[in-house]
Structures are given as C-alpha cells and as structure tokens.
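Visitor: The structure that follows is given in the form of structure tokens.
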Amino acid sequence: MLLEVKDVKTYFYTDEGVVKAVDGVSFSLERGRILGIVGESGCGKSMTALSIMRLVPSPGKIIGGEVTFKGRSLLDLDEKDIGKIRGNEISMIFQDPMTSLNPVFTIGDQIAEAIRLHGKVSGREAMRRTIELLEMVGIPQAYDRVRDYPHQFSGGMRQRAMIAMALSCEPDLLIADEPTTALDVTIQAQILELIQDLQGRFNSAVILITHDLGVVAGLADNVLVMYAGKIVEYGSIDTIYYQSRHPYTWGLMNSIPHLGREGKGKLKSIRGSPPSLVRLPRGCSFSPRCEFAWEVCFKVTPVLEKVAPGHFSACHRRREEGIFKMAVGK
C-alpha cells in the first residue's frame, strides 16, 4: 500500500472553541489509483490533504492518527525529512495557481527551482527539463514561454504550469486540490484529461479533491464523500454513482446536471448550509438538512460501517433499499 491514513484528527484551537476540521478520517491508496474526495466547501477535504503533507496552518494541529507513506510514518518525521518528501515524492496542485505562483519570477525559473532543489542538477539541465515538462502539459511554444511571468499566462495555462511543477520530480503521489476551479468547462475537461494521462504515464497515485461529483466521473477509481470533517460514504466510483446509501451523497448527485435528464425543472439543491465545526449538531451532523432523518438521527452519531464489499456508509438508514430508490427516483 502506497498511502495509509488512519483516524487522522486535525483541530484548530480558536477563541470561539475547537474547530474539528478533520475528525477521524481513514483511507488507503495504492500506486496507480485515483481517489476522489468530494463534498461542499468547509467539509475538510483540503485540510485532509494538508494534514498528509503536514502543511496545516496555525493554529491548527494534528492531534491524532497515523499517516504512513511507503512504510514511513509522516507524522513522526522532523521538518528536514518531511521537506525532502514534499515536492519530490508527494506533490500538490493548489486551488489557485495565481496565488501559488510567485509573480516576480518567470514560470521557467519557478519550475526549474523545484527540479534543482530535489534533483541536484545544473541550471542548464533543470531548464531543459522545464521546457520538456511544459511541452508535456500542452504549453505551446514552450521554449519561448518559459521566460514568461505568471500574469502573461491564461488561467488554464497557469494551471498547466502548476501541474508541470508538481510532476517535475515524478512523484509517487499527486494531490490535486480543486484543480479546475475558476476554469471554463472546456478547459476543465482538458485539465482533468491531462491529469489522467500523466498519472498513467508516471504510474502515480492521485488524490483529486473537488466539490463536484461530476468532476470525478469516469476519472476516479474510488470516491470518499466528506461532511463536517468526517467521512460519510466511501466506495468505488460505480458504487457511489449507482448504489449510494447516504442522503448527503444523493444530494450531491441530484445537484449535478445530466444529459437526458427528464423534465426541464431546476436542479434540486440541498437545503440549509453546512454546520459550524465549533458547534456541531447532536447526532448525525447532516440530520438538520436531511429529508430522510428520523428520531435516532438527532440523538446518535452514525458510525461508518460496511454495507457491501468495498462500500461504507455512515447513516442510520443505510440498509433501507426503499429509501434509496425513492431518493434517486428509480
């Protein structure tokens, strides 16, 4: 197993109280596989990734759990050793490439710096490799554009440059945090296709973080659905799309436009808003927004349990087939 995450808890200690951003998250990932992590903003997706990278901002702290990568415990490494892994064996594509790229250095210099930092090669060799990477991710006239600054690239090109930087050291694990944010649908499709193509070329494992279940369709092998810092459902892509057992997953599915959808009405939204992570509701965190909630949902926190081979759900109604059929309209 390439990556194993067990019961990781990342809390933020604020004046208002303890924010449980990641509360007992566990999953594993094999080399060459793609895991999609989906959910609304504030559900803990990005913080889970930052916990793996040990980049949790202050006042956040990883207070428990284990992160094992290639047999090594990342949470036990000192800053020097974890620094050797970041960008080299584990790379991350951040949400906004414009704020992730330094505006006063050229695109080529920034990618070459990452190569020289981990590869210990000459400046000439690093720049040659940079041009190759930019060509690989589809930047036209890469030999000339390598001297451009971030503001001279379009949004899609900046995202491609970030992908080139992330792949510069051929990492074993690539974490893509909302890689298609603020891009039009055509560019989104190109970026996702690029990630899939490069993942296959390098045989890397990929964690794809998104709020849109439609983004991971046809791309991810498995999907992890998060809500209020916890995992509420986990399974293969086909299981999540066609045999899901959690009302929150159904809500995310029903908010996606589908070709051939019957009727011309508006897409169905999930009522209400995600809860404050400082003052979570009693019982199931999703119960105040759930149209299928019953009495026990407001009193007892559901446990993530196996409902089928490779399929897990944290819902008191998880075994009610009739409820599932009614929810998805079958």
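The values are calculated or read from the model by the stated rules, or taken from the named source; none is laboratory data. What you see is a predicted model, and the numbers here were worked out from it, not measured in a lab. As a convention, Cβ positions derive from the backbone with ideal geometry for all residues, glycine included, and neighbour counts pool all protein chains shown. Please note that ligands, DNA and RNA were not included when accessible areas were found on the heavy atoms of the full protein model with its side chains. Shrake-Rupley method; radii C 1.70, N 1.55, O 1.52, S 1.80 Å.
Visitor: So, in segment 177-206, how many residues would count as being touching a Phe, Trp or Tyr at 6+ places or on another chain (Cβ under 9 Å) and either under 17 Å from L29 (Cβ atoms) or surrounded by fewer than 16 Cβ atoms within 10 Å (Cβ to Cβ) (or both)?
Guide: Within segment 177-206, residues that are touching a Phe, Trp or Tyr at 6+ places or on another chain (Cβ under 9 Å) and either under 17 Å from L29 (Cβ atoms) or surrounded by fewer than 16 Cβ atoms within 10 Å (Cβ to Cβ) (or both) number 1.
Visitor: Could you please find all residues in segment 95-109 being under 15 Å from Q159 (Cα atoms) and either surrounded by 20 or more Cβ atoms within 10 Å (Cβ to Cβ) or among the β-branched types (V, I, T) (or both)? Working first, answer last.
Guide: So the first thing to find is which residues in segment 95-109 are under 15 Å from Q159 (Cα atoms), and the list is 95-103, 106-108.
Correct list: P97, T99, L101, T106, I107, G108.
Visitor: I would also like to ask the following. Quick check on this structure: which one of E125, E113 is over 30 Å from M47 (Cβ atoms), in a helix (DSSP H, G or I) and of a type outside the set (A, V, I, L, M)? Steps first, please.
Guide: Values: E113 fails: over 30 Å from M47 (Cβ atoms).
Matching residue, one of E125, E113: E125.
Visitor: Six or more apart or on different chains, Cβ atoms under 9 Å: show the pairs whose first residue is in segment 246-274 and at positive phi and whose second is open to solvent by less than 80 Å² (accessible area, probe 1.4 Å) and at pLDDT 80 or above.
Guide: That search, which allows pairs on different chains as well, returns G272/P288; G272/R289.
Visitor: Tell me, which residue of segment 60-80 that is touching a residue at least 40 places away in the same chain (Cβ under 8 Å) and open to solvent by less than 60 Å² (accessible area, probe 1.4 Å) is farthest from the chain's Cα centre (by Cα)?
Guide: In the first step, residues of segment 60-80 are kept if they are touching a residue at least 40 places away in the same chain (Cβ under 8 Å); the result is 60-70.
Those left that are additionally open to solvent by less than 60 Å² (accessible area, probe 1.4 Å): 60, 62, 64-65, 67-69.
Working: G60: 19, I62: 18, G64: 21, G65: 19, V67: 16, T68: 18, F69: 17 Å.
Restricting to residues being touching a residue at least 40 places away in the same chain (Cβ under 8 Å) and open to solvent by less than 60 Å² (accessible area, probe 1.4 Å), the top hit is G64.
Visitor: So, one more: So which of V56, V8 ends up being open to solvent by less than 10 Å² (accessible area, probe 1.4 Å) and in contact with a Ser or Thr (Cβ under 7 Å, 6 or more places away or on another chain)?
Guide: Exactly one residue qualifies, and that residue is V8.
Visitor: Among the residues in segment 255-269, are any among the aliphatic types (A, V, I, L, M) and crowded, with 17+ Cβ neighbours inside 10 Å?
Guide: The initial filter retains those residues of segment 255-269 that are among the aliphatic types (A, V, I, L, M), namely 256, 259, 267.
Filter again for crowded, with 17+ Cβ neighbours inside 10 Å, leaving none.
No - not one qualifying residue is present in segment 255-269.
Visitor: Give the number of residues within segment 287-309 that are out of contact with any Pro (no Cβ under 7 Å at 6 or more places or on another chain), part of a loop (DSSP other than H, G, I, E, B) and open to solvent by less than 40 Å² (accessible area, probe 1.4 Å).
Guide: Number of matching residues: 2.
Visitor: Return yes or no: is G83 open to solvent by less than 40 Å² (accessible area, probe 1.4 Å), over 21 Å from F12 (Cα atoms), without any contact (Cβ under 8 Å) to a residue 40 or more places away in the chain and not aliphatic (A, V, I, L, M)?
Guide: Numbers: open to solvent by less than 40 Å² (accessible area, probe 1.4 Å): yes; over 21 Å from F12 (Cα atoms): yes; without any contact (Cβ under 8 Å) to a residue 40 or more places away in the chain: yes; not aliphatic (A, V, I, L, M): yes.
Judged against the criteria, G83 is a match.
Visitor: Right, next: Can you give me the number of residues within segment 11-38 that are in contact (Cβ under 8 Å) with a residue 60 or more places away in the chain, within 30 Å of G218 (Cα to Cα) and either open to solvent by 30 Å² or more (accessible area, probe 1.4 Å) or part of a strand (DSSP E or B) (or both)?
Guide: 16
Visitor: Are any residues in segment 117-170 surrounded by fewer than 14 Cβ atoms within 10 Å (Cβ to Cβ), among the polar types (S, T, N, Q) and over 19 Å from T99 (Cα atoms), and if so, which ones?
Guide: S122, Q141
Visitor: Which residues, counting only those in segment 232-245, are farther than 21 Å from L174 by Cβ and surrounded by fewer than 23 Cβ atoms within 10 Å (Cβ to Cβ)?
Guide: Across segment 232-245, the qualifying residues are D238, T239, Y241, Y242, Q243.
Visitor: Name, by its number, the condition in (1) without any contact (Cβ under 8 Å) to a residue 60 or more places away in the chain; (2) over 30 Å from G251 (Cβ atoms); (3) touching a Leu at 6+ places or on another chain (Cβ under 9 Å); (4) not aromatic (F, W, Y) that does not hold for I163.
Guide: Every listed condition holds for I163 apart from (1).
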